[in-house]
1. Name the residues in the range 6-51 that are of a type in the set (Phe, Trp, Tyr) and not in a loop (DSSP other than H, G, I, E, B), would you?
2. For the list (1) touching a residue at least 60 places away in the same chain (Cβ under 8 Å); (2) more than 23 Å from residue 74 (Cβ to Cβ); (3) part of a loop (DSSP other than H, G, I, E, B); (4) not polar (S, T, N, Q), I need the number of the one condition that residue 251 fails.
3. Take the conditions over 20 Å from residue 28 (Cβ atoms) and free of Cβ contacts under 8 Å to residues at least 40 places away in the same chain and apply them to residue 97. Does it pass?
4. Tell me yes or no: at least one residue of the range 24-47 is closer than 22 Å to residue 200 by Cα and at pLDDT below 95.
5. Taking the condition of being open to solvent by less than 60 Å² (accessible area, probe 1.4 Å), assigned to a helix (DSSP H, G or I) and not hydroxyl-bearing (Ser, Thr, Tyr), how many residues in the range 205-237 meet it?
6. State yes or no: is residue 82 out of contact with any strand residue (DSSP E or B) (no Cβ under 8 Å at 6 or more places or on another chain) and not in a loop (DSSP other than H, G, I, E, B)?
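The values are calculated or read from the model by the stated rules, or taken from the named source; none is laboratory data. Worth saying up front: this structure is predicted, and the values here are computed from it rather than measured. Neighbour counts are summed over all protein chains in view; Cβ atoms, including those assigned to glycine, are modelled from backbone coordinates with ideal geometry. Heavy atoms of the whole protein, side chains included, go into the accessibility calculation; ligands, DNA and RNA do not. Shrake-Rupley method; radii C 1.70, N 1.55, O 1.52, S 1.80 Å.
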Amino acid sequence: MEIKHVGKRGILFTFFELENSRYDCVTNVYAIKGNQYFFICDTYLGPYFMKKVKQYLESNFGKKKYIIFNSHSHWDHIWGNSAFDNCMIIAHEKCKDLIEKNAQDELIENAERFAKENIHIVLPNITFEKKITFEEEGLEFFYSPGHTEDSASCYDYISNTLFVGDNIDNPIPSCICWNELKKYKDTLEQYSKIGADIIVQSHGDLNDKEVIRKNIAYISKLMTNEKIAFDDKDVLKKHLKNIEYLRQIGIC
Ligand SMILES: [Zn+2]
């Protein structure tokens, strides 16, 4: 685990368990030190890892209550929910539905390789349709479909930082899992309007707002079936995976 301080009050925990696997990426858990609460964006692969996050936060900043946010339903973002008893776990309403529908299957598929303990799936207990705001904490969680239909984001307007989950990757989004590219582009344009200084994504480094422009350009090209050339092998791999998904569902 690597720890990096971000802006005025963000702490980025980066984990490496998915790196040498077919997923081939790092994974971030993003914490925000609020006034009354620690906000935790995504809970990674279970309580084993969340214990390390809590230990770091509490030993550096003292005890606070936790509020958890799930950016979307995918297994690598939710397995640690059970580490937060009696806490608010916030997600978009579609995220809760998809966890109910898919989490057990995803657990069966991935537990043997990635779980450090018995994973008990815990559903979000507060859901929203458009957004939920914590005014006194300077934070907003809002619906931002793109990577998946249930994706949501967290905007910290005190440190002008935007956590985007899997919606953004550099230089192109990876692992597109939804076919509504126009709505994906709308989400990215909404990100642009926010004008955050720092973009925090789930599976890569911190970026500035330039990454949003690159992601919009890519989605625009996909929408018009434009041929795209890539010099970098890894980026080409991400592109081919996106294309494979979009072909399967018949829009490319
Ligand atoms: Zn995902």
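1. From the range 6-51, those of a type in the set (Phe, Trp, Tyr) are 13, 15-16, 23, 30, 37-39, 44, 48-49; that's our starting set.
Listed by number, the residues that qualify are 13, 15, 30, 37, 38, 39, 48, 49.
2. Just one mismatch for residue 251, condition (2).
3. Values: over 20 Å from residue 28 (Cβ atoms): yes; free of Cβ contacts under 8 Å to residues at least 40 places away in the same chain: no.
Against the criterion (over 20 Å from residue 28 (Cβ atoms) and free of Cβ contacts under 8 Å to residues at least 40 places away in the same chain), residue 97 does not qualify.
4. There is at least one residue in the range 24-47 that is closer than 22 Å to residue 200 by Cα and at pLDDT below 95.
5. Just the residues of the range 205-237 that are open to solvent by less than 60 Å² (accessible area, probe 1.4 Å), to begin with: 206-207, 211-212, 215-220, 222, 228, 230, 235.
Right, trim to assigned to a helix (DSSP H, G or I) and you get 211-212, 215-220, 222, 235.
Adding the requirement that they be not hydroxyl-bearing (Ser, Thr, Tyr) leaves 211-212, 215-217, 219, 222, 235.
Total meeting the criteria: 8.
6. Details: out of contact with any strand residue (DSSP E or B) (no Cβ under 8 Å at 6 or more places or on another chain): yes; not in a loop (DSSP other than H, G, I, E, B): yes.
Spelling it out, residue 82 is indeed out of contact with any strand residue (DSSP E or B) (no Cβ under 8 Å at 6 or more places or on another chain) and not in a loop (DSSP other than H, G, I, E, B).
Rundown of residues vs (1) within 16 Å of the ligand (Cβ to nearest atom); (2) surrounded by fewer than 23 Cβ atoms within 10 Å (Cβ to Cβ); (3) among the aliphatic types (A, V, I, L, M), yes/no style:
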| position | (1), (2), (3) |
| --- | --- |
| 49 | no, yes, no |
| 58 | no, yes, no |
| 80 | yes, no, no |
| 107 | yes, yes, yes |
| 111 | no, yes, yes |
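Per-residue answers, yes or no, for (1) of a type outside the set (D, E, K, R); (2) surrounded by fewer than 20 Cβ atoms within 10 Å (Cβ to Cβ); (3) closer than 26 Å to residue 237 by Cα:
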site: 155; (1), (2), (3): yes, no, no
site: 166; (1), (2), (3): no, no, yes
site: 170; (1), (2), (3): yes, yes, yes
site: 177; (1), (2), (3): yes, yes, yes
site: 182; (1), (2), (3): no, yes, yes
site: 187; (1), (2), (3): yes, no, yes
